[in-house]
Amino acid sequence: MKLDILIFEDEQLSAERLEQLLARLDQNLEVVEVLSSVKQGVAWFKSNPNPDLILMDIHLTDGSCFELFNQVVIDVPVIFTTAYDEYAIKAFKVNSVDYILKPIDFEELVAAFEKFNKYRNQQPQVQSQLIQTLYEQISREGKYKQRFLVKLGEQLKRIESKDIAYFFFEDGLVWANSKSNLKLPMDYSLEQLEQMLDPRDFFRINRKMLIKLESVEKIHTYYNSRLKLVLQPDMGKDIIVSRERVNDFKEWIG
């Protein structure tokens, strides 16, 4: 039996992997659209019939997916795909609204669909209550992104936010540099990363760089009222805090 699936996912690699896993799971599963934002979701639901199932990332490009539920009525079963730690939402393993931790494992996806098939006729108000509880739990546990999925050659690699020393823009791309000095391509702009990451840990020092607090080894005064940083791992070039960011940087690091 054909099922229409709507995906909400703001990471291109994650969306592609999810589509591949769905095709492997069942050829009757048809992805009708992949959306990356709350704004796209609102527009989609106003002009399209409801899908049979939604696979939804919690963190979208323009905010939390829960903002979507506040703007449109969604009486469709939802399986959340999330990078949040399991303890934050463990209660949902016994409910019809399920969740899958990233990076998505095929066996987890199979189990989630078995639960969907078992509870697909459950009353919408029950789902609404579960979504509200999930929102409250996620809000308490924290809103910042804890891990990323990046592509290295033909492989996908997961990297924890805590293991990233800094992000930088170079050759038209945004890169993450890990504490072990591994350079990884990102699917996000620096502006998006600023919103995703905990501002207590990460700071935008200039137009091209976002650094983690513990990566700062030394701070030197620099001409034109700027600061020069020595980071670990070393980038092999001067790292400058722009003049307009100096005061905020001092407050942040102090």
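The values are calculated or read from the model by the stated rules, or taken from the named source; none is laboratory data. As the structure is a computational prediction, the values presented were derived from the model and not from experiment. In this analysis, Cβ positions are derived from the backbone assuming ideal geometry, glycine residues included, and neighbour counts consider all displayed protein chains. In case anyone asks, the SASA skips ligands and DNA or RNA and just uses the protein heavy atoms, side chains included. Shrake-Rupley method; radii C 1.70, N 1.55, O 1.52, S 1.80 Å.
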Next item on the list: At a 1.4 Å probe radius, which order do T82, T61 fall into by accessible area, largest first?
Entry: T61, T82
Next item on the list: Set the Förster distance to 25 Å, then compute FRET efficiency between K39 and K208 from the Cβ-Cβ distance, nearest 0.05.
Entry: 0.35
Margin query: Along the Cα→Cβ direction, 7 angstrom out, place labels at K162 and V31. What is the inter-label distance in nm?
Written below: 3.1 nm
Note to self: Take S47 and D198, extend 7 Å from each Cα along the Cα→Cβ direction, and tell me the distance between the two endpoints in nm.
What the structure shows: 4.0 nm
Checklist line | Neighbourhood net charge (14 Å Cβ-Cβ; Lys/Arg +1, Asp/Glu -1) for E170 | finding: +3
Note to self: If a paramagnetic tag sat 7 Å from the Cα of N117 along the Cα-Cβ line, which residues of the stretch 29-50 would have the backbone N under 19 Å from that point?
What the structure shows: 29-31
Next item on the list: Kindly report, to the nearest 10 Å², the accessible surface of D248 as traced by a 1.4 Å probe over protein heavy atoms only.
Entry: 70 Å²
Next item on the list: Would you list, by chain and number, the lysines whose Cα falls below 24 Å from the Cα of K118, excluding same-chain residues fewer than 8 positions away?
Entry: K2, K90, K93, K102
Checklist line | Share of carbon and sulfur in the accessible heavy-atom surface of the stretch 136-254 [1.4 Å probe, %] | finding: 43 percent
Check: Which value in nm describes the separation of the simple spin-label points at E251 and E67, placed 7 Å from the Cα toward the beta carbon?
Finding: 2.4 nm
Notebook entry, point to check: How many lysine pairs does the stretch 141-221 hold where the Cα atoms are under 13 Å apart and the two sit 8 or more places apart or on different chains?
Noted result: 6
